[in-house]
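Everything below concerns the one structure shown next.
The values are calculated or read from the model by the stated rules, or taken from the named source; none is laboratory data. Keep in mind that what you see is a predicted model, and the values were worked out from it rather than measured. Every residue, glycine as well, gets a Cβ built from its backbone with ideal geometry; the counts of neighbours run over all protein chains shown.
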Amino acid sequence: MTGWQIDRQRGSARQFHALDPDKVDERSVWIFEVDAPALALGSSQPESDVDHDLAVRFGIDTFRRRSGGGAVLMGPGACVWIDIVLPVGDPLWTDDISLAPLWLGEVWASAFTGLGADEAAVHRGAMLRPPLAEVVCFAGLGPGEVSLDGKTVGISQRRTRAVTRFQTIALLDWDPDLHRKLLAPGIARLTGPTSASSTVGEDQLRVSPATNVGAADLVESFLRSLALRG
């Protein structure tokens with residue numbers, strides 16, 4: 001694929017998130033494969049939202065990301081993580097943060113369509129942020145994010161004077177029971193202890209993992225769609 005610098009890495013989610021985009025001077029695609037489960041808290045999310053004892057028992061590394069609202073749970077084989085870094089002045093750059101991710105959502109939707117998921121839809125409206133999105137990132141739906149039957153691809157963006165880093169996660173699996181247990185303190189903070197004990201599932205959050213899509217196939221379909229975007 002021409003026009004893009006592509007970097008593929010495998011390692012810890014914490015390590016990937018800490019990469020410095022300001023060192024990038026050309027449009028880049030970062031493809032990350034996590035080698036262990038991790039929970040990335042939102043930039044201002046209380047650490048008390050997490051059952052840390054449970055996280056330790058399950059070997060889940062908990063850390064804070066610099067963007068977004070609620071937590072994102074990642075694990076080997078459970079998601080496809082692709083970041084896009086655009087230097088200032090790139091033809092795909094826009095100053096309007098609400099419009100900025102739309103083109104990227106279109107690339108993701110095209111990637112799913114290329115694999116037979118014709119129902120992929122890009123959210124083009126305002127941020128939909130129910131209270132639970134403070135705790136679980138995939139409870140909300142922002143501009144550019146992609147849904148199949150429910151939310152499938154999350155997009156956040158972090159801007160500096162030199163670049164925009166779009167962080168995108170496509171879900172291939174979703175464990176509602178683990179989310180409920182791991183984030184029970186945060187759910188209770190918002191809804192009360194009784195609600196926290198109920199299932200946090202696809203219907204409540206409108207989450208739709210792409211369970212019939214392989215990670216490698218999705219990555220390659222994304223790259224083909226990105227190349228067509230120019």
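Kindly evaluate Val163 against the criterion of being buried (at least 17 other Cβ atoms within 10 Å of the Cβ), modelled with pLDDT of 95 or more and touching a Pro at 6+ places or on another chain (Cβ under 6 Å). Yes.
Please work out which residue is surrounded by the most Cβ atoms within 10 Å (Cβ to Cβ), limiting yourself to the stretch 61-107 and to residues that are small (Gly, Ala, Ser) and within 21 Å of Ala117 (Cβ to Cβ). Break it down into steps so the answer makes sense when it comes.
Step one: of the stretch 61-107, the residues small (Gly, Ala, Ser) are 67-71, 75, 77-78, 89, 98, 100, 105.
Retained after the next criterion (residues that are within 21 Å of Ala117 (Cβ to Cβ)): 77-78, 105.
Numbers: Gly77: 11, Ala78: 17, Gly105: 24.
Looking at residues that are small (Gly, Ala, Ser) and within 21 Å of Ala117 (Cβ to Cβ), I get Gly105.
The residue that is farthest from Ile84 (Cα to Cα), among those in the stretch 207-230 that are part of a loop (DSSP other than H, G, I, E, B) and under 15 Å from the mean Cα position of the chain (by Cα), is Ser208.
For Gly42, the conditions (1) surrounded by 15 or more Cβ atoms within 10 Å (Cβ to Cβ); (2) under 20 Å from Pro143 (Cα atoms); (3) in contact with a His (Cβ under 8 Å, 6 or more places away or on another chain) are fulfilled apart from (3). The residue list Ser110, Ser67 contains one member that is of a type outside the set (Lys, Arg) and part of a loop (DSSP other than H, G, I, E, B), which is Ser67. Quick one: would you say Ser48 is more than 16 Å from the chain's Cα centre (by Cα) and without any contact (Cβ under 8 Å) to a residue 40 or more places away in the chain? Answer is no for this residue. Exactly one residue out of Ile169, Ile155 is touching a Cys at 6+ places or on another chain (Cβ under 9 Å), at pLDDT 95 or above and either in a loop (DSSP other than H, G, I, E, B) or buried (at least 16 other Cβ atoms within 10 Å of the Cβ) (or both), and it is Ile169.
Of the listed requirements (1) modelled with pLDDT of 95 or more; (2) under 21 Å from Lys181 (Cα atoms), Gly69 misses just one: (1). Using the structure shown, decide if Gly89 is out of contact with any helix residue (DSSP H, G or I) (no Cβ under 9 Å at 6 or more places or on another chain) and outside any loop (DSSP other than H, G, I, E, B). Answer is no for this residue. Taking the residues in the stretch 7-18 that are outside any helix (DSSP H, G or I) and modelled with pLDDT of 95 or more as candidates, determine which candidate is nearest to His52 (Cα to Cα). Only one residue tops the list, namely Ser12. Restricting attention to the stretch 3-18, the residues that are in contact (Cβ under 8 Å) with a residue 24 or more places away in the chain and out of contact with any helix residue (DSSP H, G or I) (no Cβ under 8 Å at 6 or more places or on another chain) total 10. Going through (1) among the acidic types (Asp, Glu); (2) outside any strand (DSSP E or B); (3) within 28 Å of Val163 (Cβ to Cβ) one by one, Glu119 falls short only on (3). Only one of the numbered conditions (1) modelled with pLDDT of 90 or more; (2) touching a helix residue (DSSP H, G or I) at 6+ places or on another chain (Cβ under 7 Å); (3) within 16 Å of Asp49 (Cα to Cα) is not met by Leu190, and that is (1). Search the stretch 19-64 for residues being of a type in the set (Gly, Ala, Ser) and assigned to a loop (DSSP other than H, G, I, E, B), and hand back the single one that is farthest from Ser156 (Cα to Cα). Among them, the one singled out is Gly59.
A Cβ distance below 8 Å, combined with a sequence gap of six or more or placement on separate chains, defines the contacts here; from the stretch 98-125, residues that are within 13 Å of Phe222 (Cβ to Cβ) reach residues that are among the charged types (D, E, K, R) and at pLDDT 95 or above in the pairs Gly105/Glu145; Ala111/Arg224; Gly114/Arg224; Leu115/Asp217.
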